[in-house]
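Asker: Pasting a structure here, questions to come.
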Amino acid sequence: MTLPEEGCLLRIFVGESDKRDGTSLHEWIVLQARAQGLAGATVLRGMMGFGAHSRIHTFKIERLSEDLPVVIEIVDTREKLEAFLATIDHAISEGLATLEKVTVRFYRSGKK
């Protein structure tokens, strides 16, 4: 698979404790991205954050450390990411999704 130089970055912000079909929402999203043939996905766990409810989530407060922010980043073409968002939108009851233009410098697996 190759990516054009002009790509798109999808960032999805959810909570670590969010679930879908009995599994972590971020894991479900990554598995859906793989099933739909997207170029790749990375999950990042935040140390601190807040969202629409303005509640601080941090590892410093024990009762809130179980719902730390999670960011899923996926780079592909805008068209594929828009189609992907349309298929997962129903599964995200709380969170944020952003799209931005990116310049793809390389995308390779290391295999010859």
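Asker: I'd like the chymotrypsin sites (Phe, Trp or Tyr not before Pro) in segment 1-106 restricted to DSSP loop residues with at most 10 other Cβ atoms within 10 Å, sorted by number.
Answerer: F106
Asker: With no solvent and one point per C-alpha, what does the Debye sum give as log10 I(q)/I(0) for segment 6-103 at q = 0.16, 0.23 Å⁻¹?
Answerer: -0.66, -1.19
Asker: Report the FRET efficiency, 1/(1 + (r/R0)^6), for L44 and L85, where r is their Cβ-Cβ distance and R0 is 25 Å, rounded to 0.05. Please list the in-between numbers first.
Answerer: Values: r = 19 Å, r/R0 = 0.74.
The calculated FRET efficiency here is 0.85.
Asker: Could I ask something else about it? Mind checking the full-extension length gain between R78 and T23? Use 0.36 nm per residue of separation minus the Cα-Cα distance, one decimal, nm. Could you put the intermediate results ahead of the total?
Answerer: Details: separation 55, 0.36 × 55 = 19.80 nm, distance 2.72 nm.
Gain on extension, R78 to T23, equals 17.1 nm.
Asker: Please give the calculated 222 nm ellipticity per residue for the chain, where each DSSP H segment of at least 4 residues contributes -39500 (n - 2.57) and the sum is spread over every residue; nearest 500 deg cm²/dmol? If you can, show how the numbers build up before the last one.
Answerer: Working: 2 runs with 22 residues, N = 112.
Helix contribution divided over all residues of the chain: -6000 deg cm²/dmol.
Asker: Sort E82, E5 so that the residue with the fewest other Cβ atoms within 10 Å of its own Cβ comes first and the one with the most comes last.
Answerer: Working: E82 13, E5 9.
Result, fewest neighbours first: E5, E82.
Every read-out reported here was derived from the displayed coordinates using simple, explicitly stated rules and does not represent laboratory data. A quick note: this is a predicted structure, and the numbers were derived from the prediction, not measured. Ideal geometry is used to build each Cβ from the backbone, glycine not excepted, and the neighbour counts take in all protein chains shown.
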